[in-house]
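Note sheet for the following structure.
The values are calculated or read from the model by the stated rules, or taken from the named source; none is laboratory data. The shown structure was predicted, so the numbers you read here are calculated from the model rather than taken from an experiment. Backbone-built Cβ (ideal geometry, glycine too); neighbour counts: all protein chains shown. Remember, those area values only see protein heavy atoms, side chains included, never the ligands or the DNA or RNA. Shrake-Rupley method; radii C 1.70, N 1.55, O 1.52, S 1.80 Å.
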Amino acid sequence: MDLQTAAQINSFLAAFVLLTAFGMLVQKRIYSLIHLFTWQGLFLSVNTAIVGYVAGRHHLYISSILTLSLKVILLPYILHALIVRLKIRKEVETVVNIPMTMLIGIALVIFSYYLTAPVREISTLITRSTLAVALATVMIGLLMMITRKHAVTQIIGFLAMENGLFFAATSATYGMPLVVELGVALDILIAAFIFGIFFFHIHTTFDSLDVEHMARLKEED
Amino acid sequence: MQSSMMLLVLLGVPLFAAAVLAFVGDRRLAPEVNIAGSAATFAAGLGLALEVYEQGPMLAGGKFFFVDAFNIYLAVLTSFVSMTTAIFSRRYMRREREHGRVGHIGMRFYHAMFQLFIFAMLLCLLTNNIGVLWIAMELATLSTVLLVSLYRTPTAIEAAWKYFILCGVGIAQALFGTVLLYFAAEKVLGEGGESLLWTNLSQMSDKLEPTVLSLAFVFLMVGYGTKVGLVPLHNWLPDAHSEGPTPISAVLSGLLLNIALYALVRCKVLVDGSTHTHYAGNIMMGFGIVSILVASFSLLRQKDIKRMFSYSSIEHMGIATFAFGLGGPIATFGALLHMLMHSLAKSSIFFTVGHASQMHRTQEMDKIRGLFKGNPLVGWGLMFGAMAIVGMPPFGIFTSEFLILTATMKDAPLMTPFLLLGLGVAFAAIFRRVQQMVAGEVPEYQKPMKVAHVPVMLHMALVLAIGIYLPDFLSRWFHTAVELLK
């Protein structure tokens, strides 16, 4: 595979990552949301493997396998199991103002391109153009966490942000050193354990996973 | 060889204790195990400090760990406050259990996570790798999230969820900043783990690309700034610090905020070395001064005692951030001293607050009355703690705030009125409330109880002693740290 093709495949996959991010931003059904998240993880994993092959950085294969097992298999499985246990499989969330959210998302993409311009100029890597997409994915994940009011959706937004960060590391520097990648994966695993417990606590205490119910802690006058 | 052994003990003991307590944390002697573990950690910390003091900075474990004057003093402080908190929590948690607020699993969880939290903080401080620094910071957050929701009340769960989500979002920004930093470093130091080592980075910082580092700092500031609790990223802090068990409030306010600020300052040194401007410092000063003002005015409106002192933590972290941003030998010295003093005073206040609220079974300040008569130790502890925290002489916070104020008048005179306004408002807000609580008659619902007085007295004695006379070794230590942070 020559560099030209590799760069094209890389951009192509980046486009899909961004597409799934936008999809998640407005998807109402929690079930479909998890599917989108799984796809995003798969695109990332394939992308990482290809970059690792072309750039000759073999530790990226480990990152790729880690992403595959964690974000394509384990996390979606945990989320599935949780929503089955909590009987919220069919739940549909009301998402307010979809066009507006989409427009903000687009603005964030443009902003990301603007912000990462200095990095693109200095970088010599074939993946340099996708750093902006990675940052956009992080920002869209953030936007999703702000606009959505369901605990599961917020967590998926959080994990999508993490995907974006992983993508950024691959794009900017062909991945972080292995010890860091492993540590981050461990943190995500612990986080998964914690939000699993949380879902149960929130569900039993508030009888719903809608975080709108959690509004007791406010500044009183 | 000996020093790396010491390092191993320092990090190994809390990790091992966490594993053990995960199984036996609900036994009768578990609190004693907790204390013993923390005491061993503290001893190892002291031993390591002694060595660094005599021999200067050191690298250990294949450059993976790095100890210098800046991080070792925080490591000693962290292990010391964890030890006193463990002593305090022995009676406190036993009583909470009698009141039925925590069960068997809760106790196991509490003890194990407490030790894991100490491990994460120490790893944060001692690691040389800024990627691992990030990981340990996230671990410190994760290990405390479920402690905040330990009581399982609706408000506790809400607070913990907020803590989890907002800090998760914040810290993600810091990881992006770290990626950018690595990108810049790779150009100079080549690929691989070596280019994330702080010792390598700080030597080569003038070769790092300034535009990339400026961009990275924005993300690092937002990320670690969230964990420091700087306004406007502070929303989670008063909730998380007030809803959890009091020992956890003490270590969150007293220690974790310091660690996050430590990470931020380390990054600032790199950015300064690369840009050769006051760019990073200006950003920190801005965040600092806004935090001081917003927090001190918020103090006026508080009704819950733990919430009030949480806002006071935001204020004090704002002061330290502002001082580090200001830079220069006097301000940096003041900031280092301020971190130390605030940590000791604030955790001691939380200890007494914990006693007071257990005696009254409420955290509402309007219902806490007559502490002087009811339990003089708690009353005077709170009174002296409040005097120390608002910066009255002769306590140590007066010294550090005085230094910072002097440096501000010299280097950034326009900021002085804002700083003074913040300090003045905080003084009025806290004092007004504390006076009501300590004076007056004992209400009939106040229950007498035995209190753990050693931690409070120890902390207050240190704050007072350092305020009156700064020991030679400490000031020399700070001077070395100031040199490092130039």
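As a fraction of the 1.4 Å probe accessible area of chain B, surface on carbon and sulfur atoms comes out at 67 percent.
Per residue, region A:3-212 exposes an accessible area of 40 Å² to a 1.4 Å probe, with every protein chain left in place.
If you take the charge dipole of the protein assembly as shown about its Cα centre, with +1 on Lys and Arg Cβ and -1 on Asp and Glu Cβ, which of A:L186, B:P210, B:V456 is farthest toward its positive end? Of A:L186, B:P210, B:V456, it is B:V456.
Cross-link pairs exceeding 26 Å in C-alpha to C-alpha distance, out of B:K63/B:K187; A:K28/A:K71; B:K268/B:K306; B:K63/B:K207, comprise B:K268/B:K306. As a fraction of the 1.4 Å probe accessible area of region A:94-221, surface on carbon and sulfur atoms comes out at 67 percent. Ordering A:I88, A:I9 by accessible surface, largest first, gives A:I9, A:I88; the 1.4 Å probe counts only protein heavy atoms, with every chain in place. Couplings 3J(HN,Hα) of region B:336-352, computed from phi: 4, 5, 5, 4, 5, 5, 4, 4, 5, 5, 5, 5, 5, 4, 5, 4, 5 Hz, in residue order, whole Hz [Karplus 6.51 cos²θ - 1.76 cosθ + 1.60, θ = phi - 60°; x for Gly and Pro]. Based on C-alpha pairs under 8 angstrom that are at least 6 apart in sequence, chain B has a relative contact order of 14 percent.
Based on the Cβ-Cβ distance from B:L414 to B:M392, what FRET efficiency comes out when R0 is 25 Å, to the nearest 0.05?
FRET efficiency, B:L414 to B:M392: 0.40.
Prolate is the label for region B:288-418. Its Cα gyration tensor axes, ordered a ≥ b ≥ c, give a/c of at least 1.5 and a/b above b/c. Angle of helix B:305-326 to the longest C-alpha principal axis of chain B, folded into 0 to 90 degrees and rounded to 10: 20°.
Rounding to the nearest 20 debye, state how big the charge dipole of chain A is about its Cα centre with +1 on each Lys and Arg Cβ and -1 on each Asp and Glu Cβ. Could the numbers behind the result be given before it?
Numbers: 14 positive and 13 negative charges, 103 e Å.
Dipole of chain A, to the nearest 20 debye: 500 debye.
For the residues B:K268, B:K486, a 1.4 Å probe over the protein chains yields an accessible-area ranking, largest first, of B:K486, B:K268.
For the set B:I468, A:I155, the ranking by accessible area, highest first and with no ligand, DNA or RNA atoms included, is B:I468, A:I155 under a 1.4 Å probe.
Applying a DSSP loop filter and a limit of 11 other Cβ atoms within 10 Å to the chymotrypsin sites (Phe, Trp or Tyr not before Pro) in region B:342-389 leaves nothing.
With the alpha-carbon atoms of region B:344-398 aligned to their principal axes, the span from lowest to highest coordinate is 32, 19, 17 Å, starting with the largest. Averaging the Cα positions of each part gives two centres, and for region B:381-396 and region B:66-91 these lie 21 Å apart.
Backbone amide hydrogens, once placed in the peptide plane, bring B:Q302 within less than 5 Å of nothing, excluding anything fewer than 5 places away on its chain. Measuring with a 1.4 angstrom probe and ignoring ligands and nucleic acids, A:K71 comes out at about 10 Å² accessible.
In order along region B:468-475, the phi-based Karplus estimate (6.51 cos²θ - 1.76 cosθ + 1.60, θ = phi - 60°) of 3J(HN,Hα) comes to 7, 9, 7, x, 4, 5, 5, 6 Hz; Gly and Pro are listed as x. Between B and A, buried accessible area from a 1.4 angstrom probe totals roughly 4700 Å², ignoring ligands, DNA and RNA. The angle between the Cα long axis of helix B:130-148 and the main principal axis of chain B comes to about 10°, on a 0 to 90 degree scale.
Rounded to the nearest 10 degrees, the angle from helix B:69-98 to the longest Cα principal axis of chain B is 20 degrees.
With the highest mean first, a sort of the peptides A:23-34, B:35-46, B:331-342, B:430-441 on other beta-carbon atoms found within 10 angstrom per residue produces B:331-342, B:35-46, A:23-34, B:430-441. Centre-to-centre separation between the Cα atoms of region B:441-469 and those of region B:330-350: 18 Å. Ellipticity at 222 nm from helices only: DSSP H runs of n ≥ 4 in chain B, each -39500 (n - 2.57), divided by the residue count, give -26500 deg cm²/dmol.
In region A:147-179, the residues whose accessible area drops by at least 50 square angstrom when the other protein chains are added to the isolated chain are A:F158, A:L165, A:T173, A:M176, A:P177; the probe is 1.4 Å and only protein heavy atoms count. Our summary gives region B:119-263 a relative contact order of 32 percent, counting only alpha carbon pairs under 8 angstrom and 6 or more residues apart. For chain A, the membrane-span-like helix rule (DSSP H, alpha carbon extent of at least 27 Å along the helix axis, mean Kyte-Doolittle at least -0.5) picks out A:3-26, A:30-55, A:151-173, A:178-206; this says nothing about an actual membrane. Entry note, region A:3-212: relative contact order of 25 percent, from Cα contacts under 8 Å with a spacing of 6+ residues.
Heavy-atom accessible area per residue, region B:195-325, 1.4 Å probe: how many Å²?
Using a 1.4 Å probe on heavy atoms only, each residue of region B:195-325 averages 20 Å².
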